[in-house]
Amino acid sequence: MPHIPIYQVDAFTDEIFHGNPAAVCQLAAWLPTDVLQQIAAENFLPETAFFIPTGQSGHYELRWFTPEIEMDLCGHATLATAHVLFNHLGWDMHQLCFHTQSGPLIVSKNNQLLTLDFPSRPPVPATLPPEILKGMGVYPMEVFKARDYILVYQNEDIVRNLRPDRAVLDQINLDPGGIIATAKGEKVDFVSRFFTPQASIFEDPVTGSAHCSLIPFWSGLLDKKEMTALQVSPRTGKLYCEDAGDRVLIGGHCKTYLEGNIFVS
């Protein structure tokens, strides 16, 4: 029976049961999109990544799916895919290139630290929709928007203690974006949380793509190019960040949780 190798990886952490879990599936060629979506729904993880070789050494096509939709950019599942290639599939160079909907994405390896080279998405000032204010329950100091709404709060404790009303927020369609709550950190440069209304997984544990906006925002505010960040979801993840102009560098560690096979027929 045909099978698909699958790995489940906790990304942006060096501890099992922390960070953000992603499934990584190795394909020889693309399956129909509806089959990929069904696999992601069956996995029921924040993201499932699928990759195929391009024929050029170290280059792969990469796609990401939540249980509901295909995404245009995903950080933690890209990090997890690179981890699988470096640690399970024998790639022994220091760099990989993924060809995606968001263009070519480079991942480099330095010892056990993997670093994503992603496009920068600087946010601009925005008006907060009243439904988001009602659902979040705490008025932010400032509001910005790129792909996602960014709500800037006074301190880390406020971000950690937010208890959004999902019933209210689920009335909003931000597909494929979400809501970032952020503040200056106590032991790191900044902290964040990420919520996705109408998604089966309401709070994303660690969101690499959100840092495409958080990094340029906090870099400008703190006047720093290199920063550390925590996503303070219940699982928690640590990110090593750098503002590189029109690109952002997002570093993190990964731990493999399982490996096996999927049978789809």
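The values are calculated or read from the model by the stated rules, or taken from the named source; none is laboratory data. Predicted model, so just to flag it, every value in this text is computed and none were measured. Every residue, glycine among them, receives a Cβ derived from its backbone with ideal geometry; neighbour counts consider all protein chains shown.
Would you check if there is a residue in segment 105-115 being at pLDDT below 95, in contact with a Lys or Arg (Cβ under 7 Å, 6 or more places away or on another chain) and either under 22 Å from Arg147 (Cα atoms) or not charged (D, E, K, R) (or both)? Within segment 105-115, none of the residues are at pLDDT below 95, in contact with a Lys or Arg (Cβ under 7 Å, 6 or more places away or on another chain) and either under 22 Å from Arg147 (Cα atoms) or not charged (D, E, K, R) (or both). On inspection, Gly135 fails the criterion of being at positive phi and of a type outside the set (D, E, K, R).
Gln26 is checked against (1) loosely packed, with under 14 Cβ neighbours inside 10 Å; (2) farther than 28 Å from Ala229 by Cα and fails just one. What number does that condition carry? Single failed check for Gln26: (1).
Inside segment 121-136, can you point out the residues that are surrounded by fewer than 17 Cβ atoms within 10 Å (Cβ to Cβ) and either aliphatic (A, V, I, L, M) or outside any helix (DSSP H, G or I) (or both)? Give the derivation first.
Step one: of segment 121-136, the residues surrounded by fewer than 17 Cβ atoms within 10 Å (Cβ to Cβ) are 122, 124-127, 129-131, 133-134.
Listed by number, the residues that qualify are Pro122, Val124, Pro125, Ala126, Thr127, Pro129, Leu133.
Condition (residue is in contact with a His (Cβ under 9 Å, 6 or more places away or on another chain), closer than 27 Å to His253 by Cβ and in a loop (DSSP other than H, G, I, E, B)) applied to segment 103-113: is it met by at least one residue? The answer is yes, given that some residue of segment 103-113 is in contact with a His (Cβ under 9 Å, 6 or more places away or on another chain), closer than 27 Å to His253 by Cβ and in a loop (DSSP other than H, G, I, E, B).
Table: residues versus (1) of a type in the set (A, V, I, L, M); (2) over 16 Å from Ile180 (Cβ atoms).
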{"site": "Leu79", "(1), (2)": "yes, yes"}
{"site": "Ala82", "(1), (2)": "yes, yes"}
{"site": "Gln95", "(1), (2)": "no, yes"}
{"site": "Pro140", "(1), (2)": "no, no"}
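Within segment 171-184, the residues that satisfy the criterion of being under 25 Å from Glu47 (Cβ atoms), without any contact (Cβ under 8 Å) to a residue 60 or more places away in the chain, surrounded by 15 or more Cβ atoms within 10 Å (Cβ to Cβ) and not β-branched (Val, Ile, Thr) are Leu174, Gly177, Gly178, Ala181. Residues in segment 142-170 that are in contact (Cβ under 8 Å) with a residue 60 or more places away in the chain, assigned to a helix (DSSP H, G or I) and surrounded by 21 or more Cβ atoms within 10 Å (Cβ to Cβ): Val159 alone.
Determine if segment 187-194 includes at least one residue that is aliphatic (A, V, I, L, M), assigned to a helix (DSSP H, G or I) and at pLDDT 95 or above. Walk me through how you get there before you give the answer.
So in segment 187-194, the residues aliphatic (A, V, I, L, M) come out as 188, 191.
Still in the list and also assigned to a helix (DSSP H, G or I): none.
No.
The selection criterion, being in contact with a strand residue (DSSP E or B) (Cβ under 8 Å, 6 or more places away or on another chain), closer than 14 Å to Gly75 by Cβ and outside the structural domain of Lys109 (by TED's automatic domain parsing), does not hold for Pro164.
Of these, Thr228, Thr256, which one is in contact with a strand residue (DSSP E or B) (Cβ under 9 Å, 6 or more places away or on another chain), assigned by TED's automatic domain parsing to the domain that holds Asn43, of a type outside the set (A, V, I, L, M) and touching a residue at least 40 places away in the same chain (Cβ under 8 Å)? I'd like the intermediate steps shown before the answer.
Values: Thr228 fails: assigned by TED's automatic domain parsing to the domain that holds Asn43.
Criteria check complete, one pass: Thr256.
Part of a strand (DSSP E or B) and aromatic (Phe, Trp, Tyr): which single residue out of Tyr240, Tyr139 fits that description?
On the way: Tyr139 fails: part of a strand (DSSP E or B).
Tyr240 is the lone residue from the list that is part of a strand (DSSP E or B) and aromatic (Phe, Trp, Tyr).
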